[in-house]
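Working notes for the structure below.
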Amino acid sequence: MAVRHEVENLTRRGNIFYWRPRVPAAFTHCQPGSRLSLSLHCSDHKKAQIIGRKLNTRLAELKTHSKEAMSKQQLQKPFEHERDKELERLDDINMMARRNGRGGDVVEMELDLEAGWACQLVAKFGSRVELTLEAGCAGLTYLLNKDVPQTHVDAIRANYRAELAIARSPGFEDGIRRLIYNFEIDDTVANRQRAMPKVFEGRAAALLDITERHELVDKGQSEFTGSGRALAPTTEVKAADPRPQGSDPAPTPRAAEPQTASALTAAPKDPVTACLDLAPRSAARKQATSNASDAEQRVVAVSDFEQECDKLIANMGKEWTAETARDAKALVRMFQFVLAEHGVKHSGQIEQYHIGLLRKHFNDIPIDWGRSSRMRVMSAPELRAKGQEMRRAAEASGTKPKVGLAAATIRKHLGNLSHFLKHLKGHGFEIESWTFEGIRPRKPKAGDIRQQQYKPKPQDIVPIFSSPIYCGSRDHLRGKRRQPGRYVFHDSLYFLPILFTYLGPRRREFAGLHVNDIAKDDDGYVILLRTNSIRRLKTTQSQRLLPLPDELVRLGFIDYVQAIRRLGYEALFPDLFSDKTDNDPGNRFYDTFVPVMQGALGEKMWGRAIHALRHGMADTLKQAGVPTEVIDDISGRLSEGSETNTRYTNPAGLPLMRDALKHYPVITSDIERKPLQLLPWIENKQPPPWAREGKK
């Protein structure tokens, strides 16, 4: 057992002292939450304290002292990278425009120039300043000095606001971190601030370089490069004053990242309409205007999707749990990455093709991407590259690669995507009609579903109740709790497995019980499953009254409830809750109990270990002749297909439930009742030893 000795990060194992600090978050190349472990090779207490203090001081210096600033040569790397990447994307857009017969359209060129000058403004003035581009604005003065036509300032302003929103978003900073990491540049605040304008300079350089990309365009038709564009061949238009060609279409030190179409822009209206233009419209023309009345249809920028998802979550209110909201936001973030990868800037450009790309993306990413903080910030190409890397490693080792989301997970994500797209459409944003036919995995057939989950019989579960948890463990700490000894502690690890076995609830339903959720009626003790201050319930039918198994009463559960209440706890199982984070008590119980099951069952361990107990209880009652409607009422499900069961009758009452539960055999009779003994840190009302710092 490691013991702390006054000095921070200093522990002793046996006779030897170790220095075990947590790696600071500033060291971005290390996994979050990782620790160093350094043996000091000494057993003298005073000497170890001296060495430990020196090491702590050195660690603080490494954490706080700024690193070397990037050189001009290093600054050039992100500029060239972003410029080249944007040029490739613009070439693809230009190829599609030519395919649609718009290769020589001056509007396509002006869209690039407007976006390019917007990027140049962000690069020159930074993201902390918001330019109005009105009279007296330094940004407007800069544009006019560069001979940018006044008539295009409104469109540049709309693009500028969208680019500024991108520059201020957390996702953009994550992209900067990845970029400078790839070029082996120190990740410091100063270096990120230096790289940001270079990214926008590179983007501007690519957008303003129109010489080859728009070689078919008659430059004289544009106010940017000529003497004013003729609106229509049959319309007489007064020529504008010729301007000097000072827009500098290919500035030398400018930067690159994808052009961002504004959140609300629209194609400029011609003053006089001379003829109908029946040529197909490119997606790139679906821009915005700050005046909503001038827009054919409102659009929302891809960069604003997360904010729109927050609005959707607020609209759903209590219909969505925190987990559902988190899954929806993760899906929207992933969709953003895929759309950005293919140059989609706003909702009006989303096509059915892009939804298909997202479906294909699901097949190529690691299964556990959502659990890794490092993977969650990866772009779509980086995630797929990680998946390929895992496939190659699995092939080399002869194992199955953990790549490609499961069919049920994909169905869930596509359902959340449907919710999000309907939300955008319902709020008036332009969204093309979409379908999930052909890409949604089929729902498993009833026969297949029955075989998906193992249903343990009572005799399969019995070995769990012979583990050290019930017979005596070495100590109260997690590792020693699984080792034989003389201590029996009463907590969630002792009582919940018995409750799960006899009543088959959902994991979080019982892990989040309140001390006031245990009551008594004329026939015995009951459990009130209801929404409380700790957790919500999954569905309306999840609210129910359940009889407390007699075995729990025999083993001292009521004494435990009264002891926890006297100590002032609200949670019935406070050992599952952290004082530092808003953790899920069900997940905490899973982490502690599954190793106990593994030790007790060995090779007979089944998949989805705790949830299988729910299936096992239901199957045992059914085989004993209990009606399925009563089993569903005990489990908190709603039996469908019968009008009588769903509309005309209430759930089974407590007497009927008690009679039904008698058909489950008593498999805990060998557990000897021990005097009540709480965990020491629960009894002393101390913070849990396993808690880690995090967001509260």
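The values are calculated or read from the model by the stated rules, or taken from the named source; none is laboratory data. Being a predicted model, the structure only gives us computed values, none of them experimental. Here the Cβ positions follow ideal geometry from the backbone for every residue, glycine too, while neighbour counts run over all protein chains shown. Side chains are part of the model used for accessible areas, which takes the heavy atoms of the whole protein and leaves out ligands, DNA and RNA. Shrake-Rupley method; radii C 1.70, N 1.55, O 1.52, S 1.80 Å.
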Q: Grab the helices (runs of 4 or more DSSP H) fully contained in the range 348-439, keeping just those with 1 or more residues being surrounded by 16 or more Cβ atoms within 10 Å (Cβ to Cβ), in contact with a His (Cβ under 9 Å, 6 or more places away or on another chain) and at pLDDT 85 or above.
A: 352-363, 380-397
Q.
Among the residues of the range 597-617, are any of a type outside the set (Phe, Trp, Tyr), over 30 Å from the mean Cα position of the chain (by Cα), part of a helix (DSSP H, G or I) and under 24 Å from GLY524 (Cα atoms)?
A. yes
Q: Filter the range 655-682 down to residues that are more than 15 Å from GLY556 (Cβ to Cβ) and among the charged types (D, E, K, R) and give me whichever is least open to solvent (accessible area, probe 1.4 Å).
A: ARG658
Q: Output yes when any residue across the range 459-482 is open to solvent by 50 Å² or more (accessible area, probe 1.4 Å), under 24 Å from the mean Cα position of the chain (by Cα) and of a type outside the set (Phe, Trp, Tyr), and no when none is.
A: no
Q: Give the residue, chosen from ALA314, ALA330, that is closer than 16 Å to LEU414 by Cα and of a type in the set (Gly, Ala, Ser).
A: ALA330
**Q.** Counted residues, the range 549-587 - those being hydrophobic (A, V, I, L, M, F, W, C), within 30 Å of LEU638 (Cβ to Cβ) and open to solvent by less than 10 Å² (accessible area, probe 1.4 Å)
**A.** 6
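Quick grid of which residues meet (1) touching a Leu at 6+ places or on another chain (Cβ under 9 Å); (2) within 22 Å of GLN452 (Cβ to Cβ); (3) free of Cβ contacts under 8 Å to residues at least 40 places away in the same chain:
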{"position": "PRO549", "(1), (2), (3)": "yes, no, no"}
{"position": "ASP579", "(1), (2), (3)": "no, no, no"}
{"position": "ARG608", "(1), (2), (3)": "no, yes, no"}
{"position": "THR620", "(1), (2), (3)": "no, yes, no"}
{"position": "ARG637", "(1), (2), (3)": "no, yes, no"}
{"position": "ASN645", "(1), (2), (3)": "yes, no, yes"}
Q) Across the range 336-347, what is the number of residues that are outside any helix (DSSP H, G or I) and either surrounded by fewer than 20 Cβ atoms within 10 Å (Cβ to Cβ) or touching a Pro at 6+ places or on another chain (Cβ under 9 Å) (or both)? A) 3
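Could you list, in sequence order, all residues of the range 307-322 that are in a helix (DSSP H, G or I) and open to solvent by less than 50 Å² (accessible area, probe 1.4 Å)?
GLU308, CYS309, LEU312, ILE313, MET316, GLY317
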Q.
I need every pair where a residue in the range 124-153 that is open to solvent by 80 Å² or more (accessible area, probe 1.4 Å) has its Cβ under 7 Å from the Cβ of a residue that is part of a helix (DSSP H, G or I), sequence separation at least 6 or different chains.
A. LYS124/TYR142; GLU130/LEU164; GLU134/LEU140
Q. For the subset of the range 186-210 comprising residues that are open to solvent by 10 Å² or more (accessible area, probe 1.4 Å) and outside any helix (DSSP H, G or I), which member is nearest to ALA340 (Cα to Cα)?
A. ASP209
